[in-house]
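Presented below is the structure to which this report refers.
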Amino acid sequence: MKITGTFLDEISHDIPHQNWGREEWDRDFAYMKAVGIDTVILIRSGYRRFITYPSAYLQKQFGCYAPPVDLVKMYLELADKHGMQFYFGLYDSGHYWDTGNMQAEIDANRYVIDEVWQQYGHYKSFKGWYLSMEISRRTKGAVEAFSTLGNQCKGVSNGQPTFISPWIDGKKAVMAASAGLTKEDAVSIQEHEREWSEIFDGVRGAVDAIAFQDGHIDYHELPEFFAVNKKMADKFGMQCWTNAESFDRDMPIKFLPIKFEKLRLKLEAARLAGYDKALTFEFSHFMSPQSAYLQAGHLYNRYKEYIGALK
């Protein structure tokens, strides 16, 4: 299965910033295009005080720093140039991570959605929205947040599609700052299906696609979880995508480019489950020939060989 979309993580709060300018980003979009990527997703338009575009609202309301470059504008221009679709990722205030309360994310993004569409909605490549609140289980306020914001996104943009990318609460679902790599209290396949069926039902009409992150369960668990995800998506009328993580969760160094064999296992599992699209988190750090990680360029080469063999 080919990767046709990638997140863009320019906030980079838990992976190193690469300090690229327009020239490097332009070159990276060309590398993406060369291996069939047609969709780029801004993973979040801001995190706490750091933001990707000069939002008057966020600077006033949250004390956000004025960004030196309007990255949203730059990404849209590059997406236009390279013939890609751009999905805008909403703002993450950090309040949910601190308190477990999603209300702040709803309140902030109701302004952000209108502001962004007014400023950037005219770009040809602006094709959809990423609801960036990440959850793994039936979380208080999540259905309301996804429904409220998804419907608003669709309302202002004449029905452009929305998607979410939660994680499966498997044994590798540990915090990035944790010293451990695994935990004992992993979700069962039955619990996962029961809880997510309830969430899917609650967000119907507001969310068009779901792209579960694939790195939190073990490789032998992929077929069973992927089959359940596809069954739920079909039942509730959503596209089923995969977020194929191109970084390795199995090593004590967080985070390095993944071993190609592992990425292949995950992509093949998604193909066998009949998934509709594969995204990755994320190309520029973990698969790009110009990444700060030398291994990323080698992963790019192995991936090129893989998709060449699929033809």
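One table, with the values for the structure above:
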| item | result |
| --- | --- |
| The one condition in (1) within 22 Å of Gly297 (Cβ to Cβ); (2) in contact with a helix residue (DSSP H, G or I) (Cβ under 7 Å, 6 or more places away or on another chain); (3) surrounded by 16 or more Cβ atoms within 10 Å (Cβ to Cβ) that Lys33 fails to fulfil | (3) |
| Unmet requirement for Pro161, which otherwise passes all of (1) open to solvent by 10 Å² or more (accessible area, probe 1.4 Å); (2) at pLDDT below 95; (3) touching a strand residue (DSSP E or B) at 6+ places or on another chain (Cβ under 7 Å); (4) not charged (D, E, K, R) | (2) |
| Test for Gln152: is it farther than 18 Å from Gly237 by Cα and open to solvent by 60 Å² or more (accessible area, probe 1.4 Å) | no |
| Subset of region 206-260 (residues that are out of contact with any Cys (no Cβ under 9 Å at 6 or more places or on another chain) and of a type in the set (Val, Ile, Thr)) | Val207, Ile217, Val228, Thr242, Ile253, Ile258 |
| Residue under evaluation Leu78, criteria (1) in contact with a Leu (Cβ under 9 Å, 6 or more places away or on another chain); (2) surrounded by 17 or more Cβ atoms within 10 Å (Cβ to Cβ), criterion not met | (1) |
| From Ser178, Ser136, residue being surrounded by fewer than 18 Cβ atoms within 10 Å (Cβ to Cβ) and either part of a loop (DSSP other than H, G, I, E, B) or not small (Gly, Ala, Ser) (or both) | Ser178 |
| Filtered residues of region 97-126 (kept if open to solvent by less than 10 Å² (accessible area, probe 1.4 Å) and either touching an Asp or Glu at 6+ places or on another chain (Cβ under 6 Å) or of a type in the set (Lys, Arg) (or both)) | Ser125 |
| Selected residue [modelled with pLDDT of 95 or more, under 20 Å from the mean Cα position of the chain (by Cα) and either closer than 21 Å to Met133 by Cβ or in a loop (DSSP other than H, G, I, E, B) (or both)] from Ala296, Ala269, Ala244, Ala292 | Ala244 |
| Which listed residue, of Phe255, Phe283, Phe247, is in contact with a strand residue (DSSP E or B) (Cβ under 7 Å, 6 or more places away or on another chain), within 30 Å of Pro16 (Cβ to Cβ) and crowded, with 23+ Cβ neighbours inside 10 Å | Phe283 |
| Failed condition for Gly274, given (1) in a helix (DSSP H, G or I); (2) among the small types (Gly, Ala, Ser); (3) surrounded by fewer than 24 Cβ atoms within 10 Å (Cβ to Cβ) | (1) |
| Top-ranked residue of region 39-67 - restricted to ones that are in contact (Cβ under 8 Å) with a residue 40 or more places away in the chain and among the small types (Gly, Ala, Ser), ranked as surrounded by the most Cβ atoms within 10 Å (Cβ to Cβ) | Gly46 |
| Which listed residue is open to solvent by 40 Å² or more (accessible area, probe 1.4 Å), out of contact with any strand residue (DSSP E or B) (no Cβ under 7 Å at 6 or more places or on another chain) and either touching a residue at least 12 places away in the same chain (Cβ under 8 Å) or among the charged types (D, E, K, R) (or both), from Glu268, Glu195, Glu261 | Glu261 |
| Flag for Gly94 being modelled with pLDDT under 95, open to solvent by less than 40 Å² (accessible area, probe 1.4 Å) and touching a strand residue (DSSP E or B) at 6+ places or on another chain (Cβ under 9 Å) | yes |
| Residue check, Trp129 open to solvent by less than 10 Å² (accessible area, probe 1.4 Å), of a type in the set (A, V, I, L, M, F, W, C), outside any loop (DSSP other than H, G, I, E, B) and touching a Phe, Trp or Tyr at 6+ places or on another chain (Cβ under 6 Å) | yes |
| Residues satisfying the stated conditions in region 226-244, i.e. free of Cβ contacts under 8 Å to residues at least 60 places away in the same chain, aromatic (Phe, Trp, Tyr) and either open to solvent by less than 10 Å² (accessible area, probe 1.4 Å) or closer than 26 Å to Ser288 by Cα (or both) | Phe226 |
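The values are calculated or read from the model by the stated rules, or taken from the named source; none is laboratory data. Predicted model, so just to flag it, every value in this text is computed and none were measured. So basically every Cβ, Gly included, is an ideal-geometry build from the backbone, and we count neighbours across all protein chains shown. Heads up: the accessible areas ignore ligands, DNA and RNA and are worked out on the full protein's heavy atoms, side chains in. Shrake-Rupley method; radii C 1.70, N 1.55, O 1.52, S 1.80 Å.
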